[in-house]
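Taking it in order: structure first as structure tokens, then the write-up.
Values in this text are rule-based calculations from the coordinates and carry no lab data. For clarity, every value in this text was computed on a predicted model and none was experimentally measured. A quick note on method: Cβ atoms are made from the backbone with ideal geometry, for glycine too, and the neighbour counts reach across all protein chains shown.
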Amino acid sequence: MDTEGRAKAFEEFAGAAGAIMNPAVAAWKAQGGRVVGYFCSHVPTEVLTAAGLLPFRMRGTGSTGTELADAFFSNINCSFVRNTFNLALQGDYDFLDGLVCVSSCDHVRRVYDNWKRNLGTPFLRIISLPKKVEDAQVGWYRDEVAILREAVEKHFEVTISDERLREAIRLHNRTRRLQRELYELRKKEAPPLTGAETLAVMVAGTAMPRQHYNEALEALLERLRGANGQRDYRARLMIVGGELDDPRYLEVIEEQGGLVVTDAVCFGSKAMWNLVDEEASDPSEALARYYIQGQPSCPRMHGDQPRRAAFLMDMVRDFRVDGVVGERMMFCDLWCVEHYMNDLDLKEAGVPFIRLDREYNASAKGQLRTRIQAFLETMGK
Amino acid sequence: MIVGGCDVGSTTGKAVVLNETAVLSHYIVPSTTKPEQTARIAMEEAVRMAGLSSVDELAYIVGTGYGRLKVSFAHDNVSEITCHARGAHWLNPAVRTVVDIGGQDCKVMSLDERGKVLEFVMNDRCAAGTGRFFEAMARVLGCGLDGISSLANQGATPATISSQCSVFAESEVVTLINEGVDVADIIAGINHAVAKRLCSMVRRVGLAEELTLTGGCSKNDGLARALEQKLGVSVRTLPQDPQIAGAVGAALIASEKVRA
């Protein structure tokens, strides 16, 4: 694929990832479609899809400051919620017909509180997410899924039958399978796409009508299967962390020669690595099981670190990763000790690891550049 | 074969001319707002001091430091982390831990026996523990940077400065001044506060002897003594100006590139 063809193939995804509003969502709205925002990887978005709604994952993309939002947060809240709430306060999220928050972390909980008091979004819910991942918690979360399902039915005046929910699960699984196939291409010696390009595709998947996205992704895969790949990289890197939605962050890393070949971040592999059971007699239970036990583990979950470490090691092996970059947003409490453990585990396995603190906006390019360059140098690359 | 290393930092530009075995010359200039210009002034002067007529006579030049991408005459660029480690290790092969304190950042590197970086930590997010911090304190205390270095060891009872933030630390210092605390004790307190921060960075990469300081702030004797006290090891001094360690490292890498 030549440069122009390449830019064209990624154009729609890059556009959707690089802004909040995009043409596909605008068209959806123009046709009378309704959009419900959601925070975090634990919201059972299939429930929204089954209700005919478009789930839209919340981001702070395009935010240039937090001066409106700062008044509503303390000085230990992360810059992700500040920037995202700032966009909401300046009207960028006025197109939302609803918002679903989840008690994934205290920062997002505070967004819910502030949203409730300051913004008039007609449908506003918060889901209670358990802290452990055993069967008892699956039962708890099944109740939460059912409560959300009922609330959506009531507010949006729709019926979500089990069959409609199963259909939504199949549609979301289709996305997951396609995205997984995209990642499989990156296992190659010469991956046909960069980490930044992949992240844009993944972020776009949370910001576009799903049917349309799946078709666009199929077309992209078709082009990439036979495409030439990147060979001129210095090292194959994996990025591990949380709410990373900015492809430009990975671009800075890749400009130094560190090709990001896989990840364990919220918008990346964590959103699609495993599938929801499509055949389960109770689809609400199937969703609860997936979001508690099925998808790759989040550091928020207690006692589940061994599963996260195993996932990390599998990724390192399967994608032939030379080094791991651990990113953490400043003031993120969920990730504060996780990277310390990753450091020990990876050291034991002889895999180079670097920890990076960052702000939501990828503005400190020079600092990132120096660290990545030095990291590659220490790896002898 | 003669090569060059050019380290364009936030506060000063450093250039070194090196032959196979020794530093032939080095030159340090205050950084201008144009990194390209800073680099050229430093390199041209170092070249002149080495008795060469032009930068073109250098077989290879490596740029490093914040301005490394702007050194137009450099053949390659390498991060200052790798360069400081390499330079310090060449100047003293027993070195296993390098604490580099520059104008706007500080970093700690652990090295193997060949001078290769095993691990590093870096603070460039805030001014605490950098040259900027000492400059701000010297201004408040009216003692100049030399005073920060020399007066510290006269402070018998270092004042407590608890803030890690240079802005808040400055407020603390102003409070101490107004409480009539002896200036030497305040300066000792400042150096102890920075040493504490560096100490925790050293513990992150793991302390291994010998330890040395590089960068402009390594000339602060009060800081070196405070660090020794906190870490319980002695700080080894280098046989050359520690401020040029990064440029020396860059030149060493340049000479490896030529040989390769």
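For the protein assembly as shown, what is the percent of antiparallel DSSP beta bridges, rounded to the nearest 5? Show your work: numbers first, answer last.
Values: 24 of 64 bridges.
So the antiparallel bridges in the protein assembly as shown amount to around 40 percent.
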Expressed as a whole number, the average count of other chain Cβ atoms within 10 Å around the Cβ atoms of A:364-376 is 5
Percent RCO, i.e. relative contact order, over segment B:94-237, from Cα pairs under 8 Å lying at least 6 residues apart
31 percent
Dimensionless Rg/Rh of the protein assembly as shown, both radii on Cα and Rh by Kirkwood, sits at 1.02
Cα centroid separation, segment A:261-322 to segment A:33-71 (Å):
21 Å
Scan chain B and report its longest stretch carrying no trypsin sites (Lys or Arg not before Pro) that are both in a DSSP loop and have at most 13 other Cβ atoms within 10 Å.
B:126-260
In degrees, nearest 10, range 0 to 90: what is the angle between the Cα axis of helix B:131-141 and the longest Cα principal axis of chain B?
40 degrees
May I ask what percent, to the nearest 5, of DSSP beta bridges between residues of chain B are antiparallel?
65 percent
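Rounded to the nearest 0.05, what FRET efficiency do B:His75 and A:Ala190 have when you use their Cβ-Cβ distance and R0 = 30 Å? Spell out each step's value before the answer.
Working: r = 28 Å, r/R0 = 0.92.
After rounding, the FRET efficiency stands at 0.60.
Counting other beta carbons within 10 Å of each residue's own, what order do B:Ser218, A:Ser103 fall into, fewest first? Kindly include the intermediate steps, with their values, before the conclusion.
Numbers: B:Ser218 24, A:Ser103 18.
Ascending Cβ contact count within 10 Å gives the list A:Ser103, B:Ser218.
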What nm distance separates the two modelled labels at A:Asn118 and B:Arg114, each placed 7 Å from Cα along Cα→Cβ?
5.5 nm
Using modelled backbone amide H atoms (1.01 Å from N, in-plane), which distant-in-sequence or interchain residues come within less than 5 Å of B:Glu119's amide H?
B:Ser110
Take every DSSP beta bridge with both residues inside segment B:94-237 and express the antiparallel ones as a percent of the total, to the nearest 5.
65 percent
Mind putting a number on the dipole of chain A about its Cα centre? Charges go on the C-beta only, +1 for Lys and Arg and -1 for Asp and Glu, and I need it in Debye to the nearest 20.
420 debye
Relative contact order in percent for chain B (Cα pairs under 8 Å, 6+ apart) equals 24 percent
Where the centroid of each part is defined by its Cα atoms, how far is segment A:77-152 from segment B:57-75 in Å?
51 Å
Over chain A, what is the relative contact order in whole percent, taking alpha-carbon pairs under 8 Å and six or more residues apart?
19 percent
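Students often get this wrong, so check it: of A:Lys188/B:Lys116; B:Lys34/B:Lys107; B:Lys107/B:Lys219, which have C-alpha atoms separated by over 20 Å?
On the way: A:Lys188/B:Lys116 30 Å; B:Lys34/B:Lys107 24 Å; B:Lys107/B:Lys219 16 Å.
The pairs that break the limit, which is 20 Å between Cα atoms, are A:Lys188/B:Lys116; B:Lys34/B:Lys107.
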³J(HN,Hα), Karplus 6.51/-1.76/1.60, whole Hz, each residue of segment A:39-54, x for Gly, Pro
9, 6, 7, 9, 7, x, 5, 4, 4, 5, 4, 4, 8, x, 9, 9
For an R0 of 30 angstrom, estimate the FRET efficiency from the Cβ-Cβ distance between A:Lys8 and A:Gln90 and round to the nearest 0.05.
0.40
Label B:Glu210 and A:Glu359 with points 7 Å out from Cα along Cα→Cβ: what is the distance between them in nm?
4.1 nm
Only helices counted: for chain B, with every DSSP H run of 4 or more residues adding -39500 (n - 2.57) and the sum spread over all residues, [θ] at 222 nm is -13000 deg cm²/dmol
Excluding residues on the same chain fewer than 8 positions from A:Lys365, give the lysines whose Cα lies under 16 Å from its Cα.
B:Lys70
Quick one: which residues, 5 or more positions from A:Leu124 or on another chain, have an amide H under 5 Å from its amide H? H modelled 1.01 Å from N in the peptide plane, none for Pro or chain starts.
A:Leu99
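222 nm [θ] for chain A, helices only, -39500 (n - 2.57) per DSSP H run of 4+, per residue, to 500? Kindly include the intermediate steps, with their values, before the conclusion.
Details: 14 runs with 180 residues, N = 381.
The helix-only estimate for chain A comes to -15000 deg cm²/dmol at 222 nm.
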Pair B:Gln104, B:Arg139: separation of 7 Å Cα→Cβ label points (nm):
1.5 nm
Efficiency by 1/(1 + (r/R0)^6): what FRET value for A:Asp135 and A:Glu255, r their Cβ-Cβ distance, R0 = 45 Å, to the nearest 0.05?
0.45
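Which GluC sites (Glu not before Pro) in segment B:80-141 sit in a loop by DSSP (not H, G, I, E or B) and have at most 10 other Cβ atoms within 10 Å of their own Cβ? Walk me through the numbers before you get to the answer.
Values: sites: B:Glu80, B:Glu113, B:Glu119, B:Glu135; in loops: B:Glu113.
For GluC sites (Glu not before Pro) across segment B:80-141 that sit outside H, G, I, E and B with at most 10 neighbouring Cβ atoms in 10 Å, the list reads B:Glu113.
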Counting sequence-distant residues (5 or more places) and residues on other chains, those with an amide H built under 5 Å from that of A:Asp246 are none
In whole Å, what is the distance between the alpha-carbon centres of segment B:193-233 and segment A:173-215?
47 Å
Report the extension gain between B:Ser150 and B:Ser54 in nm, rounded to one decimal, defined as 0.36 nm multiplied by the number of residues separating them, less their alpha carbon distance.
30.6 nm
